[in-house]
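Engineer: Attaching a single structure in structure tokens format; questions to follow.
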Amino acid sequence: MNTASAHRDTSVACCRALADDTRFRILEALVGTETCVCELVDQLDVAQPLLSHHLKTLREAGLVRAEKRGRWMFYSLDAEALEETAAALGGLARAQREARNSLEVCCG
């Protein structure tokens with residue numbers, strides 16, 4: 001797999017993870033902090049099993065980091081992954097703006 005394809009796969013996984021309101025709210029709750037599931041349950045009013053499912057999806061996409069301390073898991077954002085996803089989307093927007101003047105009509 002080449003580098004461009006790997007970046008695309010990562011961006012797709014991140015976008016899929018972001019495409020859920022609860023997961024986006026989790027990310028918002030983690031801005032500037034490191035927190036455990038019990039605090040997120042209270043803050044977001046989401047059942048713990050459902051919250052754990054969403055956190056797993058965010059971890060697998062690389063958007064959230066988890067660190068075990070004693071019997072508790074603490075979660076934080078992975079700013080680099082968020083920046084890479086934003087850069088990938090920004091690259092598409094730039095390419096679209098640059099190509100806008102030379103768009104070809106396929107059926108016209």
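The values are calculated or read from the model by the stated rules, or taken from the named source; none is laboratory data. None of these values were measured; they are calculated from a predicted model. Methodologically, a virtual Cβ is constructed for each residue, glycine included, from the backbone with ideal geometry; neighbour enumeration extends over all protein chains shown.
Engineer: ALA47 fails exactly one of the following numbered conditions: (1) among the small types (Gly, Ala, Ser); (2) out of contact with any Lys or Arg (no Cβ under 9 Å at 6 or more places or on another chain); (3) within 14 Å of ALA17 (Cβ to Cβ). What is the number of that condition?
Structural biologist: (3)
Engineer: Pairs only if they're at least six apart or on different chains, beta carbon under 7 angstrom, first in the range 81-103 and closer than 16 Å to CYS14 by Cβ, second outside any helix (DSSP H, G or I); list them, first residue then second.
Structural biologist: ALA81/GLY62; ALA81/LEU63; LEU82/LEU63
Engineer: Among the residues that make up the range 53-69, is at least one of them β-branched (Val, Ile, Thr) and out of contact with any Phe, Trp or Tyr (no Cβ under 9 Å at 6 or more places or on another chain)?
Structural biologist: So far as the range 53-69 goes, yes, one or more of its residues are β-branched (Val, Ile, Thr) and out of contact with any Phe, Trp or Tyr (no Cβ under 9 Å at 6 or more places or on another chain).
Engineer: Given (1) modelled with pLDDT of 95 or more; (2) in contact with a Lys or Arg (Cβ under 7 Å, 6 or more places away or on another chain), identify the lone condition not met by ASP78.
Structural biologist: Against the list (1) modelled with pLDDT of 95 or more; (2) in contact with a Lys or Arg (Cβ under 7 Å, 6 or more places away or on another chain), ASP78 comes up short only on (1).
Engineer: Is there any pair linking a residue in the range 8-24 that is outside any helix (DSSP H, G or I) to one that is at pLDDT 90 or above, with Cβ under 8 Å and at least six apart or on different chains, and which?
Structural biologist: As it stands, the answer is ASP20/HIS54; ASP20/THR57, since those pairs meet every condition given.
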